[in-house]
Amino acid sequence: MAKIILYGFDGSTYVRTVRMLLAEKGVQYEQVPVHVLKGEPRQPEHLARHPFGKVPVLDYDEFRVLETSAIAPYLDEVLTGPSFTPDNPKDRARMRMAMGIIDSYGYGALIGVAGYHLFPDFIGGPDEDARRQGIATGRRVLQELMKLRGNDLFIAGERPSLGDLYLAPICFYVSLTPDANEVFTVDGFTAWWERMQAMPSYQQTTPQLG
Ligand SMILES: N[C@@H](CCC(=O)N[C@@H](CS)C(=O)NCC(=O)O)C(=O)O
């Protein structure tokens with residue numbers, strides 16, 4: 001099998017999404033820990049890999065892939081092991097809705113809340129208005145995602161999909177803050193969150209903080 005190289009440090013939620021997937025697939029890979037809080041993605045060495053200064057970046061089979069929304073589906077397709085893409089069109093649409101909602105509205109809001117408490121310097125200093133706004137938008141995102149889940153075990157069906165792997169690493173950071181109760185008080189969230197925290201791939205990829 002060709003060598004997999006994943007650029008990005010363990011503290012990145014998007015990198016963790018990919019690491020959870022790789023753990024689920026049971027494959028070995030090399031990780032180059034480009035550190036976001038130290039500004040390393042914006043250094044020339046990483047800008048040569050990702051011109052917008054973001055992690056993760058994947059090298060596999062003489063092919064470079066940027067953006068988690070391309071990396072995760074690509075790896076899910078080319079690697080053997082359990083699939084994280086639902087096998088019917090409506091559930092695939094639910095998964096993609098979740099990924100899109102998280103990318104467009106969820107990540108910024110929820111990481112804003114987490115950053116306020118955990119890494120204020122990185123988000124440009126604690127801003128109370130931004131925190132309140134993040135809590136409101138973050139709750140709306142979780143409400144929407146739990147509506148998408150309905151009575152299923154996971155966001156896009158009875159098995160975990162890439163949508164779940166997107167959301168759980170972000171919730172991890174929120175769970176460490178005093179705002180967790182307020183953000184997480186959303187119908188259906190607790191059962192989903194307990195299920196995600198029980199996944200071995202979630203437990204194996206917990207970042208070491210500090
Ligand atoms: N659209 C990108 C977003 C990735 C992203 O935001 N990564 C964060 C870490 S979780 C990052 O690299 N931040 C560096 C920075 O903004 O300086 C993707 O889907 O991969």
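Throughout, read-outs are computed from the coordinates displayed, never taken from laboratory work. Here the structure is a predicted model, which means the values were calculated and not measured. No Cβ is skipped: glycine too gets one built from the backbone with ideal geometry, and neighbour counts run over all protein chains shown.
Cα to Cα, under 22 Å, and not fewer than 8 places away if on the same chain: which lysines meet these conditions relative to K54?
Counting by Cα, and skipping residues close in sequence, K54 has these lysines nearby: K3, K38.
Have a look at P44, Y29, G134 and report the one farthest towards the positive end of the charge dipole of the chain, computed about the Cα centre with Cβ charges (Lys/Arg +1, Asp/Glu -1).
G134
Can you tell which of A114, P86, F63 lies farthest toward the positive end of the dipole of the chain, using +1 and -1 charges on the Cβ of basic and acidic side chains (Lys, Arg; Asp, Glu)?
Checked the options; the winner is P86.
For the ranges 118-131, 165-178, what's the packing order if you count other beta-carbon atoms within 10 Å of each residue, average per peptide, and put the highest first?
The packing order, highest mean first, is 165-178, 118-131.
Need the full-extension length gain, D87 to S104, defined as separation in residues times 0.36 nm minus the C-alpha distance. One decimal, nm.
Additional length available on full extension: 3.7 nm.
Using packing as a proxy for protection, rank 132-142, 191-201 so that the peptide with the highest average count of other Cβ atoms within 10 Å comes first.
132-142, 191-201
What whole-number distance in Å separates the alpha-carbon centres of the stretch 1-59 and the stretch 127-205?
The two parts, judged by their Cα centres, are 23 Å apart.
Compute the Rg to Rh ratio over the chain from the alpha carbon atoms, using the Kirkwood formula for Rh, and round to two decimal places.
On the way: Rg = 16.6 Å, Rh = 17.4 Å.
Ratio value, two decimals: 0.95.
Rounded to the nearest 20 debye, what is the charge dipole size of the chain about its Cα centre when +1 sits on each Lys and Arg Cβ and -1 on each Asp and Glu Cβ?
Values: 21 positive and 26 negative charges, 37 e Å.
Roughly 180 debye for the chain.
Going by amide H atoms built from the backbone, whose H comes under 5 Å of the H on I4, apart from near neighbours?
Residues meeting the criterion, in which the H sits 1.01 Å from N, are E30.
With a sphere of radius 12 Å drawn around the Cβ of I71, what net charge do the other residues whose Cβ falls strictly inside it have (Lys, Arg +1; Asp, Glu -1)?
The answer is -1.
May I ask for the net charge around K3, where only other residues with Cβ less than 11 Å from the Cβ of K3 are counted and Lys, Arg are +1 while Asp, Glu are -1? Working shown, then result.
On the way: positive: none; negative: E30, D59, D61, E62.
Here the charged neighbours net out to -4.
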